[in-house]
1. Below 27 Å Cα-Cα, how many Lys pairs turn up in region 13-96? Only count pairs eight or more apart in sequence, or on different chains, if you could.
2. Note the angle between two axes, namely the Cα long axis of helix 53-62 and the longest principal axis of the Cα atoms of the chain, as a number of degrees from 0 to 90, rounded to the nearest 10.
3. Report, to the nearest 10°, how far helix 79-96 tilts away from the longest principal axis of the Cα atoms in the chain, using its own Cα long axis and a range of 0 to 90°.
4. Tell me the net charge near residue 12. Cut-off is 10 Å between Cβ atoms, residue 12 excluded, with +1 for each Lys or Arg and -1 for each Asp or Glu.
5. Taking neighbour counts of Cβ atoms within 10 Å as a proxy for exposure, in what order, fewest first, do 36, 18 appear?
Amino acid sequence: MSRRCELTGKGVMVGNNVSHANNKTKRRFLPNLNDVSLMSDTLGRTFQLRISASALRTVDHRGGLDAFLAKAKDAELSPRALKIKRDIAKAQAATAA
């Protein structure tokens, strides 16, 4: 399981620990990932996703999973999230027709 947010693509960053003596040693900055269940209003079901805390706040701010995925760039999404996005678009097109 990779340390990457499924919705925003946020992943591990690298940097340095800098001591008082200005010694530099490599370190990793891990994203704050959480396992959450998000409900899709269009599909009427929940999806288990591993997303960052900031992505969860953004999903709430935009009005749910459907609205978030509609505005999200395909390059940032995981293959699973991309499939959910396509399923939601297909369901919305079927109800609009």
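Computed from the coordinates by the stated procedures, all read-outs in this text should not be read as laboratory data. Worth saying up front: this structure is predicted, and the values here are computed from it rather than measured. Ideal geometry is used to build each Cβ from the backbone, glycine not excepted, and the neighbour counts take in all protein chains shown.
1. Step by step, the pairs that qualify in region 13-96 add up to 6.
2. Here the helix axis deviates by roughly 30 degrees.
3. Its long axis makes an angle of about 30 degrees.
4. Taking every other residue near residue 12 into account, the sum is +4.
5. On the way: 36 15, 18 11.
By the 10 Å Cβ count, ascending, the order reads 18, 36.
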